Amino acid sequence: MSLSGVFFVFLFFPSSILLYRLIPEKWRNSLLLALSLIFISFGNPADLILIGLSTVFNYFTALEIDGLRSMKREKTKKLVLATGIAVNTALLIFYKYFVFLMSNIGLNVNFGIPAAPVGLSFFTFSAISCLCDVSKGDETPLKNPFDFALFISFFGKLSSGPIVKYRDMARQIKDRTMTATSVESGMKLFLIGLGKKLIISGSLGKFFNAFRTQDISTMSTVTAWLGALFYSLMLYYDFSGYSDMAIGIGRIFGFSFSKNFDHPFISSSMTDFWRRWHISLGAWFRDYIYIPMGGSRVSKSRHILNLSVVWLLTGLWHGANWTFVVWGLYHLVLLLLEKMVFKKILKRIPTIIKTILTFLLTVIGWTIFFSDSLSTAEAYLLRMFGLGGSGLVDSMGKYYLASGGILLFVAMIGATPLLSAIGSKIEKRDSVLVKVSTAVFFALLLLISTAFMISETVSSFLYAQF
Amino acid sequence: MQSNQKSPKLWVTSMFLSMVICFNIIALITPDKEFSETENRMLAQSPSVTAKSIADGSAEKNIEKYLSDQFAFRDAWSAISFFTKCYLFREKESNGVYIGKDNYLMLIPSESNPEAMEKKLSSVNAVTEKYGNIRHFISIIPNAVTIMNHKLPSHVPESIQPGQITDISQSLKGITFCDVTGLMKKHQYEELYYHTDHHWTSRGAFLAFTAIAPAMQLNPDNIQYDIYTVSESFEGTLSSKSGSHRYYDKIEIYVPKGEHPVTVKYSDKDETSGTIYQKSFLDTKDKYALFLGGNHPLVTITTTADTDRTLLLIKDSYANCFVQFLTPYFDQIVVVDPRYCYDTVDMIINEYEITDLLYLYNADTFMTDTSLTDLLAFE
Amino acid sequence: MMKTLAFELCRWTAVAVAILFIVRLSDGFSTVSSANPQKVLEAAYTCADTTNLQPASNQIIKRLYGIDPSEYEFCALYYALTNMDVDELLLIKYADSSQEQQIQSAAKARLQGQKNVFENYGVGQMDLLNNHSILMSDSGFAFFIINLKADESAAAFINALREEE
């Protein structure tokens, strides 16, 4: 089920809110689980079986690990943990990477790999986080299997993230409060996310599609940069839009999930960027791979190894293509240079320059990210640097600037904290006028989002393939 | 949490829930629509949800499509999104259509197909060579993006159609090629194309006729025309395609003065008509179909011209409003649309004793068409 | 101890069931149906709306799809009675995946070609082309239909494949 489709926004979501309010508190988790199962089966009922089996596997593994830990049988516990992680990873590799791996060895896969269950990349990581947290002893496993099933499959965060760690959700399943403030703020966040996705990302996507079909060899420099810019903003609005919706949905049901994006385009360094972009992914890799491997409190060469592993996996997580691996390594190199080579020089550069530089570097990175192959990426990058194309600017570049300029401008302003700062200032004023105009603003947002929802052809969530 | 503080705090939530409930009630009350006139397409009806369709994922898509197509006030939503795109964001195109100045809508040309073009041109050459006893003519008409470029939004890349048309004329042998681009360019400030449709107006067609007629050894000065405006509320294909509904076009017909009776026979219907104008279409959305009743595989027009010339007109829909100028000059005109006609050119030439052959296409269609090659193939 | 064993049993059972399930889902490409192609065609045809359909000669198949019927073990086409209708039913038994690819691209090209022809003119035709067309391959058979009763015909096609010769 698409979170930004008519069925969810106008039928499923409002019904779940009303039901949740009406049902006695002790049945609320069961309701959410039932709703999540309906959510999953709406897309593909076969997913229910796979997600169910994954739930069963992880549920028992977590209980076993917890038992072994309390019996202090560390060796066996570690073995069970390792096999648990291995099985989850195997499922992920089979659906996402098997064909890619085989084709790189030179073997062809003769049978069809079925479609991956919804949210595979997200729930596998949630499951692994559970096994690790329980193994460390920081968290206890959810003894009620339905509670655990809810942790894995909660419809708010299943299909599009954020990647919710066990330690961040388990206690909330057992004990959370729903306040009017949280519901209201959740609703606002949901509507903002909906608008980001349908209005801004959808429109940017239309422009980017036009660039997709252009012949790269005759692109001008300005055109190439415009295309990359459209993509970067489109990806941000698409993903952060969905994250906002997910977090908003969570809040309405009393869950507090941390934000997944924090205005990444005003980052003043690559390190800063990864604290603002897809935060839940970075946090997961930090807590479950980087720190267990030693993090930064090790020898320099080991530190570099740790970072390399994390960035290789970060790239791969996004998809089974060498472009994603190269993109991950591109960020790795920049981070290493930042942390180890240019650290002193960078301190002396004014923040504004660093921000612009970081922005340009991430846009270049997205070019590798969106290319179908490394050779296409190379060709595109050459155009961006003025080599081999049709000069600095051509009429196509001018046309897209004229046609998409305002949209780009609005998108870029919206990506800065400016609008949310204004929003919070206004909200602090506690007058009826403010309350009414807020409701009117969100009503307009809903109306325009609905207009785009109805009249546009469906453009699916880009990160859903992950 | 004090209860008297609860409801005033939930403004946005209450707004959302009440709006959604409203729309659901409206959806339940209003019956499903079958056809959308503004969008010119059938609307999805309630899907049959079977075990199979749920299993293969098509149920989800069909339900979404159904809910979206049958959403109340669909046209209003399209208008809102169009307004946001073209007035707030000032985008210059919508769904493959340029939003030009003065409410001019222009179709963005499709990507040409060089392979198909080569085959097409060689089959035309083959036909020209085989039938040396017939007079062969061809004219490729440039589209609005080329001629009405002063109405295009700013910075649209220059049209490549003039070059494409020249290339075609140079690849064809033994056939009279009539290039009207220059002539139409000279008159670009006149209403040569519809604002809301991808076709040319009768005025544009007439202008081209003044150049094509001499090339076909017809004397255009012989005939005078009465010009009638038959509609002032024409909303064409580009309106539906782009979502812009701000202009109504005028349709004119050029009726030759004097007595020029015609008998029109449609091969796919057992109907005979006494006129090339099918006025019943003026009451429908597709008013351009007034000319020759829209697209048919093969139409024969028999006249009392007494010129001993029979014309085979191989065409796309642009020629529909061009035929009105040809009727005084030929005993019979056989109008063939290769997209719908599965006969071969050999059959037609022999059956109707053709003396003249004219290919009349608009550039955009000609660049991508593949059915002409099939028509011209020798068995 | 017992608890650990019990947990082990439970979790590895889940893994085993998952593997079986996935294998079951991935299957379907390796086995070729031994059903009689003529019977499959009849089953699909009778469930379709046949008011506008007529059988096509090899000439017509070549012209409309650009493929040579003699290259396939079984190749049959029904096409529309008039040129202004778009009803079609194609059934081909192919020998390998390269033939399957050929058929898939030919059918997709045919569908797109018809859409180009009827865009803006034929509202009813566009509805059939957009919303009532199915292209699928299963067990060595390729099936393509544009018809009001496309779903029923496709279901009949699938069922007929399961019938052993």
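The values are calculated or read from the model by the stated rules, or taken from the named source; none is laboratory data. If you're wondering where the values come from, they're calculated on a predicted model, not measured in any experiment. Every residue, glycine among them, receives a Cβ derived from its backbone with ideal geometry; neighbour counts consider all protein chains shown.
Only one of (1) within 12 Å of chain C (Cβ to nearest Cβ); (2) outside any helix (DSSP H, G or I) fails for A:K77. Which number is that? Exception for A:K77: condition (2). Inclusion of B:H245 among residues that are touching a Ser or Thr at 6+ places or on another chain (Cβ under 6 Å) and in the same structural domain as B:W200 (by TED's automatic domain parsing) is warranted. Among residues of segment A:9-32 that are assigned by TED's automatic domain parsing to the domain that holds A:Y242 and closer than 17 Å to A:L150 by Cβ, none has a Cβ under 8 angstrom from a residue that is outside any helix (DSSP H, G or I) and at pLDDT 95 or above at a sequence gap of 6+ or on a separate chain. Kindly check whether there is at least one residue in segment C:38-48 that is over 15 Å from the mean Cα position of the chain (by Cα) and aliphatic (A, V, I, L, M). No, segment C:38-48 contains no residue that is over 15 Å from the mean Cα position of the chain (by Cα) and aliphatic (A, V, I, L, M). Could we say that A:S153 is buried (at least 24 other Cβ atoms within 10 Å of the Cβ) and either of a type in the set (S, T, N, Q) or modelled with pLDDT of 90 or more (or both) here? The answer is yes for A:S153.
C:A107 fulfils the conditions (1) aliphatic (A, V, I, L, M); (2) over 30 Å from B:S317 (Cα atoms); (3) modelled with pLDDT of 90 or more except for a single criterion, (2). Which residue is surrounded by the most Cβ atoms within 10 Å (Cβ to Cβ), if the candidates are limited to segment B:341-379 and must be charged (D, E, K, R) and closer than 20 Å to B:V180 by Cα? Here the answer is B:D364. Looking at B:S242, is it away from every other protein chain (no Cβ under 14 Å), of a type in the set (S, T, Y) and touching a Gly at 6+ places or on another chain (Cβ under 9 Å)? Answer is no for this residue. Listed by position, the helices (runs of 4 or more DSSP H) contained in segment A:326-435 that have at least 2 residues being within 14 Å of another protein chain (Cβ to nearest Cβ) are A:395-415, A:418-428. The criterion of at least 2 residues that are surrounded by 12 or more Cβ atoms within 10 Å (Cβ to Cβ) and within 12 Å of chain A (Cβ to nearest Cβ) is met, among helices (runs of 4 or more DSSP H) falling completely within segment C:1-102, by C:2-26.
Answer with yes or no whether A:T271 is surrounded by fewer than 20 Cβ atoms within 10 Å (Cβ to Cβ) and among the hydroxyl-bearing types (S, T, Y). So A:T271 passes the test. Residues that are of a type outside the set (D, E, K, R) and surrounded by fewer than 20 Cβ atoms within 10 Å (Cβ to Cβ) within segment C:103-117 comprise C:Q104, C:S105, C:A106, C:A109, C:L111, C:Q112, C:G113, C:N116, listed in sequence order. The test for being assigned to a helix (DSSP H, G or I), among the β-branched types (V, I, T) and either more than 22 Å from C:V15 (Cα to Cα) or within 11 Å of another protein chain (Cβ to nearest Cβ) (or both) does not hold for A:T89. Can you give me the number of residues within segment A:43-55 that are at the interface with another protein chain (Cβ under 7 Å from one of its Cβ atoms), in a helix (DSSP H, G or I) and either without any contact (Cβ under 8 Å) to a residue 24 or more places away in the chain or surrounded by 22 or more Cβ atoms within 10 Å (Cβ to Cβ) (or both)? The number of residues fulfilling the criteria is 3.
Buried (at least 20 other Cβ atoms within 10 Å of the Cβ) and within 25 Å of A:A320 (Cα to Cα) - does that describe any residue in segment A:63-83? Looking through segment A:63-83, none of the residues is buried (at least 20 other Cβ atoms within 10 Å of the Cβ) and within 25 Å of A:A320 (Cα to Cα). Taking every residue in segment B:8-25 that is facing another protein chain (nearest Cβ under 7 Å) and pairing it with any residue that is among the acidic types (D, E) and surrounded by 18 or more Cβ atoms within 10 Å (Cβ to Cβ), at least 6 positions away or on another chain, the pairs with Cβ-Cβ distances below 9 Å are B:K9/A:E184; B:L10/A:E184; B:W11/A:E184; B:V12/A:E184; B:T13/A:E184. Note on segment A:186-304: enclosed helices (runs of 4 or more DSSP H) holding 2 or more residues that are more than 20 Å from the chain's Cα centre (by Cα) are A:202-212, A:221-252. Quick check on segment A:392-434: of everything there that is loosely packed, with under 12 Cβ neighbours inside 10 Å and small (G, A, S), which residue is farthest from A:D215 (Cα to Cα)? Once the filter is applied, the top-ranked residue is A:S431.
If the condition is being among the hydroxyl-bearing types (S, T, Y), more than 8 Å from chain A (Cβ to nearest Cβ) and surrounded by fewer than 21 Cβ atoms within 10 Å (Cβ to Cβ), then segment B:52-103 contributes B:S53, B:S58, B:Y66, B:Y87, B:S94. Filtering segment C:135-148 to residues that are within 12 Å of another protein chain (Cβ to nearest Cβ) and modelled with pLDDT of 90 or more leaves only C:L148. Of the residues contained in segment A:171-179, one or more are found to be touching a residue at least 12 places away in the same chain (Cβ under 8 Å), closer than 23 Å to A:F261 by Cα, more than 14 Å from chain B (Cβ to nearest Cβ) and more than 17 Å from the chain's Cα centre (by Cα).
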